[in-house]
Amino acid sequence: MLEQLLIFTRGGLILWTCKELGNALKGSPIDTLIRSCLLEERSGAASYNYDAPGASYTLKWTFHNELGLVFVAVYQRILHLLYVEDLLAMVKREFSQIYDPKRTVYPDFDETFRQLKMEALARAEDLKRSNPNPVAGNAKKQAQGNNKLGFEGGNKKKSGGAGKDGGGVDGGDDGKGRRSENGHSNGNFVVAKDANHSSDVNGRQNGSPNVGAFDVHKLQKLRTKGGKKVVDTAAKASKAEPNKKVIKKNRVWNEAATKETKLDFTDHSAEDGDRNIDYVVADQGESMMDKEEMVSSESEEEEEENVGKKRKPDAKNKGWFSSMFQSIAGKANLEKSDLEPALKALKDRLMTKNVAEEIAEKLCESVAASLEGKKLASFTRISSTVHAAMEEALIRILTPRRSIDILRDVHAAKEQRKPYVVVFVGVNGVGKSTNLAKVAYWLLQHKVSVMMAACDTFRSGAVEQLRTHARRLQIPIYEKGYEKDPAVVAKEAIQEASQNGSDVVLVDTAGRMQDNEPLMRALSKLIYLNNPDLVLFVGEALVGNDAVDQLSKFNQKLADLATSPNPRLIDGILLTKFDTIDDKVGAALSMVYISGAPVMFVGCGQSYTDLKKLNVKSIVKTLLK
């Protein structure tokens with residue numbers, strides 16, 4: 001049963017809802033659809049699943065881009081209604097004929113919708129009658145596929161049956177010629193006769209078996225000879241084994257046996273270490289986070305010249321008269337076939353910039369859905385229209401939807417007399433500890449007291465690395481060494497910060513792959529037990545398709561392994577090694593698109609000041625350059 005169908009403008013004005021249905025939707029599926037799909041350029045799929053307490057909905061929609069209208073149908077996911085897409089298309093066609101931008105109410109459309117719904121239901125019933133059992137048809141196709149896969153097994157059975165008449169392999173008296181149940185041989189027999197027969201059959205089916213082809217008989221002979229040699233050498237080796245018994249000796253690294261059994265070699269005295277550490281708080285200068293990155297106008301002019309040069313050959317290929325006439329007169333309505341060449345070029349360009357293939361394809365589908373049906377203005381090209389639509393989509397995606405001002409949140413937490421807790425998570429080797437120190441240096445520049453928590457109790461040297469950063473920055477560090485529960489260490493660090501009056505606690509965690517369930521379970525426990533204010537995912541700017549896998553699986557594992565009904569997911573992204581990628585900036589787009597979390601910091605060097613904000617306009621220009 002259809003739960004709801006409504007029509008609204010892209011500005012958010014609801015023009016018509018089905019009063020006949022009148023079902024109260026649980027949760028807010030329409031608002032979630034607008035936030036998660038329509039505003040985030042995920043509208044290419046035209047289907048969205050919404051889960052609410054006590055209900056699961058499927059939402060399908062279509063656009064009328066020329067009029068700026070959105071048609072949305074909501075129904076229970078378990079029903080699998082077949083007529084929804086057909087009904088949406090008919091409603092779109094009928095409503096566009098009576099639409100008037102000055103009108104806001106359409107009570108006369110109720111009767112029209114009732115007739116359209118009955119027509120769509122009748123078509124669905126006719127479709128069911130014409131194909132009464134689609135499941136059986138699918139099963140039949142699957143059985144045919146299985147028969148194709150089992151072709152070799154059928155041949156084996158036939159060859160086994162033929163052995164009774166013609167002295168086949170199974171019918172022979174020689175024990176070496178027996179086959180096991182799975183079709184493999186036990187001994188050194190030769191299958192040249194069956195191979196020749198099968199090759200003759202294949203040759204007859206293909207038409208000319210001997211013209212321009214290699215000799216299959218020689219190949220079979222070489223295989224059999226090779227098999228005999230392998231078996232002979234294996235037999236010789238087995239005979240030689242009893243005579244020469246090689247016993248592996250234990251490797252001794254030191255002459256004296258060590259009595260140390262634990263891996264914790266931490267020197268807790270830290271007396272001599274302070275002498276050789278230089279304090280660099282005042283030496284590094286101002287952090288790049290506080291400097292505005294300016295995009296020069298010269299680079300913009302160069303980009304426009306390059307774009308103009310690239311577009312000139314397209315005009316030559318289309319023909320001077322046709323391109324001139326189309327640019328002057330404009331096109332009636334853009335169709336999908338008109339957009340495909342420009343979208344394919346854009347997709348290839350995004351992929352060369354290190355954007356994940358899946359993300360680039362979804363973006364192009366979303367742009368196509370937003371442009372299909374629109375009228376092309378005069379003196380404009382399709383490529384420029386698609387380029388402008390993609391640029392708007394990329395800016396909308398990369399621009400944060402919420403405030404990412406950490407300093408404001410720190411002062412708000414300080415007024416509540418509790419420390420602001422940031423947890424750094426990510427895979428191995430991306431630079432979590434180094435960039436944690438950069439964030440600590442930036443906070444110190446703004447007169448914020450910081451404490452580090454060494455919760456990487458797994459990797460050797462992790463505590464010493466963080467301790468070195470703490471000494472150089474002259475900030476306290478809470479550590480318990482190795483082989484400890486990181487969730488407990490983080491909780492004790494937060495309690496220590498509350499007593500000492502520290503404003504921010506930066507929690508360093510061990511690197512872990514997204515498929516490592518025990519370590520992901522430990523991370524989920526740490527986040528659930530301490531409830532941090534910010535969970536930062538630290539990712540490399542070098543990754544391409546793996547960015548989608550990392551972020552999606554991190555979020556999925558945190559959601560699946562959480563014990564609370566409202567699990568904490570990734571709140572923000574810290575992009576590292578940004579100075580090593582040149583113009584391959586696509587990882588930022590892939591990460592933001594797949595997670596919905598904004599890029600809050602960008603690491604771009606080795607020193608403490610090499611931390612900056614993400615310049616959205618610069619990234620978009622680089623992606624489309």
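Of the residues making up the stretch 436-455, those that are over 19 Å from residue 286 (Cβ atoms) and in a helix (DSSP H, G or I) number 1.
Being at positive phi and not acidic (Asp, Glu) is the filter here, so list the residues in the stretch 459-494 that pass it. Walk me through how you get there before you give the answer.
As a first pass, look at the stretch 459-494 and keep what is at positive phi: 461, 474, 481, 483.
Hits for the stretch 459-494 are 461, 474, 481.
In the stretch 385-405, is there at least one residue being under 22 Å from residue 62 (Cβ atoms), modelled with pLDDT under 90 and touching a strand residue (DSSP E or B) at 6+ places or on another chain (Cβ under 9 Å)? Looking through the stretch 385-405, none of the residues is under 22 Å from residue 62 (Cβ atoms), modelled with pLDDT under 90 and touching a strand residue (DSSP E or B) at 6+ places or on another chain (Cβ under 9 Å). Kindly indicate whether any position in the stretch 102-112 is open to solvent by less than 10 Å² (accessible area, probe 1.4 Å) and at pLDDT 85 or above. There is at least one residue in the stretch 102-112 that is open to solvent by less than 10 Å² (accessible area, probe 1.4 Å) and at pLDDT 85 or above. In the stretch 500-508 there is at least one residue that is surrounded by fewer than 18 Cβ atoms within 10 Å (Cβ to Cβ) and over 32 Å from the mean Cα position of the chain (by Cα). It is to be established whether one or more residues within the stretch 516-525 are under 15 Å from the mean Cα position of the chain (by Cα) and either on the phi > 0 side of the Ramachandran plot or of a type in the set (Lys, Arg) (or both). No, the stretch 516-525 contains no residue that is under 15 Å from the mean Cα position of the chain (by Cα) and either on the phi > 0 side of the Ramachandran plot or of a type in the set (Lys, Arg) (or both). Go through the stretch 68-119 and give me each residue that's among the aliphatic types (A, V, I, L, M) and farther than 25 Å from residue 54 by Cα. Passing the criteria: 69, 70, 87, 88, 89, 90, 91, 98, 105, 116, 118.
Contact annotation: residue pairs with Cβ atoms under 8 Å, 6 or more positions apart or on different chains, pairing a residue in the stretch 542-565 that is farther than 23 Å from residue 584 by Cα and touching a residue at least 60 places away in the same chain (Cβ under 8 Å) with a partner that is in a helix (DSSP H, G or I) and open to solvent by less than 20 Å² (accessible area, probe 1.4 Å), are 554/520.
Just give me the residues in the stretch 561-585 being part of a loop (DSSP other than H, G, I, E, B) and open to solvent by less than 20 Å² (accessible area, probe 1.4 Å), in sequence order. Those that are part of a loop (DSSP other than H, G, I, E, B) and open to solvent by less than 20 Å² (accessible area, probe 1.4 Å): 570, 581, 585.
For residues that are touching a Lys or Arg at 6+ places or on another chain (Cβ under 8 Å) and assigned to a helix (DSSP H, G or I), scanning just the stretch 489-512, find the one that is nearest to residue 410 (Cα to Cα). Break it down stepwise before answering.
Of the stretch 489-512, the ones touching a Lys or Arg at 6+ places or on another chain (Cβ under 8 Å) are 489, 492, 498, 503, 508-511.
From the residues that got through so far, the ones that are assigned to a helix (DSSP H, G or I) too are 489, 492, 498.
Working: 489: 22, 492: 20, 498: 14 Å.
Per the criteria, the residue is 498.
Set side by side, the residues 391, 365, 358 differ, and just one is touching a helix residue (DSSP H, G or I) at 6+ places or on another chain (Cβ under 7 Å), over 22 Å from residue 617 (Cβ atoms), part of a helix (DSSP H, G or I) and open to solvent by 20 Å² or more (accessible area, probe 1.4 Å), which is 358. When the stretch 36-54 is filtered for residues that are open to solvent by 50 Å² or more (accessible area, probe 1.4 Å) and either at pLDDT below 80 or over 24 Å from the mean Cα position of the chain (by Cα) (or both), the ones remaining, listed by number, are 39, 42, 45, 53, 54.
Could you look through the stretch 515-544, keep only residues that are assigned to a helix (DSSP H, G or I) and open to solvent by 70 Å² or more (accessible area, probe 1.4 Å), and pick out the one that is nearest to residue 571 (Cα to Cα)? Steps first, please.
Residues of the stretch 515-544 that are assigned to a helix (DSSP H, G or I), as a first pass: 517-530.
Remaining after also requiring open to solvent by 70 Å² or more (accessible area, probe 1.4 Å): 517-518, 521, 525, 528-529.
Numbers: 517: 21, 518: 22, 521: 18, 525: 17, 528: 14, 529: 17 Å.
Looking at residues that are assigned to a helix (DSSP H, G or I) and open to solvent by 70 Å² or more (accessible area, probe 1.4 Å), I get 528.
Restricting the stretch 409-420 to residues that are outside any loop (DSSP other than H, G, I, E, B) and open to solvent by 10 Å² or more (accessible area, probe 1.4 Å), the residue that is farthest from residue 552 (Cα to Cα) is 415.
When every residue of the stretch 552-560 is checked against the conditions, none turns out to be in a loop (DSSP other than H, G, I, E, B) and either basic (Lys, Arg) or more than 30 Å from residue 411 (Cβ to Cβ) (or both).
Condition check ((1) open to solvent by 40 Å² or more (accessible area, probe 1.4 Å); (2) assigned to a strand (DSSP E or B); (3) under 17 Å from residue 373 (Cα atoms)) across all residues:
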site	(1), (2), (3)
19	yes, no, no
34	yes, no, no
56	yes, yes, no
60	no, yes, no
66	yes, no, yes
71	no, yes, yes
87	no, no, no
92	yes, no, yes
95	no, no, yes
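Selection over the stretch 73-85 of residues that are in contact with a Pro (Cβ under 9 Å, 6 or more places away or on another chain) and open to solvent by 20 Å² or more (accessible area, probe 1.4 Å) gives a count of 0.
The values are calculated or read from the model by the stated rules, or taken from the named source; none is laboratory data. Treat the numbers as computed from the prediction; the structure is a model and nothing was measured. For neighbour counting, all protein chains shown are included, and Cβ atoms are generated from backbone atoms with ideal geometry for every residue, glycine included. Note: accessible area is taken over every heavy atom of the protein model, side chains too, but ligands, DNA and RNA are not part of it. Shrake-Rupley method; radii C 1.70, N 1.55, O 1.52, S 1.80 Å.
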